[in-house]
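The values are calculated or read from the model by the stated rules, or taken from the named source; none is laboratory data. Computed from a predicted structure; not experimentally measured. With ideal geometry, Cβ positions are generated from the backbone for all residues, glycine too; neighbour counts draw on all protein chains shown. Heads up: the accessible areas ignore ligands, DNA and RNA and are worked out on the full protein's heavy atoms, side chains in. Shrake-Rupley method; radii C 1.70, N 1.55, O 1.52, S 1.80 Å.
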Amino acid sequence: MSGLSYAHGTGGTPLLGDTIGADLARSVARWPDREALVDVPSGRRWTYAEFGGAVDELARALLASGVAKGDRVGIWAVNCPEWVLVQYATARIGAIMVNINPAYRVHELVYVLNQAGVSLLVASLSHRTSDYRALVEEARDRCPALRETVYIGDASWDAFVARATPEPAPELAAREAELSCDDPVNIQYTSGTTGFPKGATLSHHNILNNGYFVGETIGYSEQDRICLPVPFYHCFGMVMGNLAATSHGGCVVIPAPSFDPGATLRAVQQERCTSLYGVPTMFIAELNLPDFATYDLSSLRTGIMAGSPCPVEVMKRVVAEMNMAEVSICYGMTETSPVSTQTRRDDDLERRTGTVGRVLPHVEVKIVDPVAGVTLPRGEAGELCTRGYGVMLGYWDEPQKTAEAVDAGRWMHTGDLAVMREDGYVRIVGRIKDMIIRGGENVYPREIEEFLYAHPKIADVQVVGVPDERYGEEILACVIPRDPADPPTHEEVTAYCRGSLAHYKIPRRVEVLEAFPMTVSGKVRKIELRERFGAD
């Protein structure tokens, strides 16, 4: 075995060379009577034949509305069946779907609409405190390319779909004949912590294959029913969820418009879901429901935990208490479509809790010195880089930023610090920018978080570095207590760490919070924690 931190994923299954539309057509023909999509809130259901027909109708409506190959169609909506229909209909006609974060406000909306040149926008009417129609009206005058907005659940949606030309539709067949699997099909804006987000541009080949191989790795078939409480606007929902399902004949189950732990478990129980997705904070919320034990989760066998580091204690409970014996850890990023490494169905608990798996088929990963760029020996921490079919086409209309992220060898530099073990499994030890340098010692927050997750009084924890005059940076642990009436004290945390962690890794401050600041995709905004408590 090579002593270097490099691995190439081999496998007997070749890459798919199809467009997304062609792949869906094959599934429709093979499993016409199996369920493809279930929306629990509205009770609506589609078989593959019905779903294929609805996608076809929307594709014809898009053509009748003048959407050309390569035109950008924005989708600014919470999880709903129409989101999924737009995803596949735009792919059928060679349009580029632009995912817009439902949490965006006017300033961010204007930026994305203009940066991508969106000409048609499909939006929700409202959700929680967001009135999307009012926000679009406020933004419209500043978006010269935007010629039409269609609202889901409104008469404008019905009128739009009614434009569809009658079947058969030779113009749709002609458009599909022009398409290549290497054409761009999706732009996803990465949530930048500084400046404006960048639009990762992904092809049919990128995301169809990634969804397919993620599904292959956890053994998906037409028997699987996948509960998706994760947002569609992110790769987790639309690639690892929707495309993994449709490429295997599985069923997508939508439990709610946005994450609701009770609604998620009710959907699993009602629809007899075999697979459940979530970021760790979602699983924590589900496990901590007062009535958690009353839900029948016996249909579950697998699922995916991803999006941020997965705590050991949480994974153990998911396996033991949620019946997810084959749950998988995935690691990736939007720019790599997204998954590069994944644990396998027969991996032991140590590999599932201590690593983010090993490289997927047809993908390469290596770990390099962040400064010198040379590949490091196995066991040494460095920057994780990945190469292969999943690497994005580039950031939309930003060649300079693309060149900063993807080097001349087509390696995507992730910004994550990782270690490749002798067995090829990868362990994430932090973000390069999250690494704490305390008095010259490199401290990886992930290690401390993993240790504190086992504290009996701590339900969730995030560790960040804050400025310190003496040491440069000091360690702050932000904790959510299991019992708000009995939070852990700094003294208790210190005593718990003493003797188990090196002295310089022991948090010097503890802040008790009710909740962490989150992105809409469920990732903790550590930069906000640093800003909030760094000036104290």
Just to be sure, is LEU113 crowded, with 24+ Cβ neighbours inside 10 Å, at pLDDT 95 or above and at negative phi?
-> yes
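Return a yes/no flag: does the stretch 458-467 have any residue that is more than 20 Å from VAL279 (Cβ to Cβ), surrounded by fewer than 21 Cβ atoms within 10 Å (Cβ to Cβ) and among the aliphatic types (A, V, I, L, M).
The answer is yes; a qualifying residue exists.
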Please indicate, with yes or no, whether at least one residue in the stretch 494-507 is crowded, with 17+ Cβ neighbours inside 10 Å, assigned to a loop (DSSP other than H, G, I, E, B) and at pLDDT 95 or above.
-> yes
Hey, could you check the stretch 403-450 for residues that are open to solvent by 50 Å² or more (accessible area, probe 1.4 Å) and in a helix (DSSP H, G or I) and say which is farthest from ILE284 (Cα to Cα)?
-> ALA403
Going by the structure shown, is GLY219 on the phi > 0 side of the Ramachandran plot, open to solvent by 20 Å² or more (accessible area, probe 1.4 Å) and of a type outside the set (D, E, K, R)?
-> yes
Give PHE196, PHE213 a once-over and let me know the one that is among the hydrophobic types (A, V, I, L, M, F, W, C), surrounded by fewer than 23 Cβ atoms within 10 Å (Cβ to Cβ) and closer than 30 Å to THR402 by Cα.
-> PHE196
Does the stretch 289-304 contain any residue that is open to solvent by 30 Å² or more (accessible area, probe 1.4 Å) and at pLDDT below 95?
-> no
State whether one or more residues within the stretch 182-191 are open to solvent by 60 Å² or more (accessible area, probe 1.4 Å), over 18 Å from VAL86 (Cα atoms) and in a helix (DSSP H, G or I).
-> no
Conditions (1) among the β-branched types (Val, Ile, Thr); (2) closer than 29 Å to CYS330 by Cα; (3) touching a strand residue (DSSP E or B) at 6+ places or on another chain (Cβ under 7 Å) -> ILE527 fails only (3)
Restricted to the stretch 344-360 and to residues being in contact (Cβ under 8 Å) with a residue 60 or more places away in the chain and open to solvent by less than 20 Å² (accessible area, probe 1.4 Å), the residue nearest to the chain's Cα centre (by Cα) is VAL356
Out of curiosity, is VAL122 open to solvent by less than 10 Å² (accessible area, probe 1.4 Å), of a type in the set (A, V, I, L, M) and in a helix (DSSP H, G or I)?
-> no
Which condition number does GLU514 fail, the rest of (1) modelled with pLDDT of 95 or more; (2) outside any loop (DSSP other than H, G, I, E, B); (3) exposed (fewer than 15 other Cβ atoms within 10 Å of the Cβ) being met?
-> (2)
